[in-house]
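Worksheet: one structure, shown below.
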Amino acid sequence: MESTPAAWSEADAFLSDLLVGPDADLESALSAQREAGLPEIEVAPVAGKLLNLLVRISGARRVLEVGTLGGYSTIWLARAVGPGGRVVTIEAESDNAAVARASIDAAGVGDRVDIRVGRGVDVLPTLVGGFDLVFIDADKESNTIYLDWAAKLGHPGTVVVLDNIGREGEIVRDDSTDPKVVGTREGLRMLGEDPRFDATALQTVGVKGWDGFAIAVVV
Ligand code: DHB
Ligand code: MG
């Protein structure tokens, strides 16, 4: 096999079929998102399952998400915290939040999901801390602000996951003027240098192309 985006995508679909399987509620959430004209930039199915597993492996009960979009990753997270758990998810666009609210409720996990509409920079200072896992998947330009709040609103042992750390390899371009690339690079540098975090990052290929995640613990 040649290592091409088409082959990565085919292999990713194979893995999703085997390990994630069909899921009516998640598929409905994606249809609703598409019909509403939201961008199709939610995490891949295998990545949603990774988030779900990280919550369960770490025993997280209080989860914070920055960037709800249509609620796809939120549903994965909400399932993982269980009936007594809580997911607070921040979405800047009220139209997106309405789509997410309907899909999350339809998936049967609405009781444990609190959607806060507003920009992360405005909403984060209003939250009470104690989050056990933080998933950051919003405007890349604000990654360092979100990471700072993840540390402040977390505790030693809090898991922090940052999406989109590969960006088709653009992260190596130190002369890039793309604000998303600059923000991604700054977030990664912070994870490497800020003593509040111990982190690694994994590149991924698959249905979402060439990208990746950083995973950190608050020390
Ligand atoms: C973009 C944002 C995302 O969160 C993602 O997963 C893919 C792309 C973007 O803004 O380009
Ligand atoms: Mg993302």
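Nothing in this text is a laboratory measurement; each read-out follows from the coordinates by a stated rule. Note that the coordinates shown come from a computational prediction; the quantities given were computed from them, not determined experimentally. For neighbour counting, all protein chains shown are included, and Cβ atoms are generated from backbone atoms with ideal geometry for every residue, glycine included.
Some values worked out for this structure:
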| quantity | calculated |
| --- | --- |
| Relative contact order %, the chain, counting alpha carbon pairs below 8 Å whose residues are six or more apart | 19 percent |
| Within a Gaussian network of the chain (alpha carbon springs, distance under 10 Å), most fluctuating of L191, L202, L26 | L202 |
| Sites matching trypsin sites (Lys or Arg not before Pro) across the stretch 89-190 that sit in DSSP coil, with at most 13 neighbouring C-beta atoms within 10 Å | R173 |
| Whichever lysines have a C-alpha closer than 22 Å to that of K152, once near sequence neighbours (fewer than 8 apart) are set aside | K140 |
| Using θ = phi - 60° and Karplus 6.51 cos²θ - 1.76 cosθ + 1.60, couplings along the stretch 109-121 (whole Hz; Gly, Pro as x) | 10, x, 5, 10, 10, 10, 8, 10, 8, x, 6, x, 4 |
| Pair I57, L127: separation of 7 Å Cα→Cβ label points (nm) | 2.2 nm |
| FRET E, pair D95, K180, Förster distance 25 Å, beta-carbon r, rounded to 0.05 | 0.70 |
| For the stretch 163-177 versus the stretch 49-118, the gap between their alpha-carbon centres in whole angstrom | 27 Å |
| Estimated distance in nm for a label pair at A13 and D25, the labels positioned 7 Å out from Cα along Cα-to-Cβ | 2.6 nm |
| Share antiparallel - DSSP beta bridges, the chain, percent rounded to 5 | 45 percent |
| Residue range of the chain that is longest and free of GluC sites (Glu not before Pro) which are both DSSP loop and sparsely packed (at most 16 other C-beta within 10 Å) | 94-219 |
| Neighbour net charge for A60 - beta-carbon separation under 11 angstrom, K R +1, D E -1 | +3 |
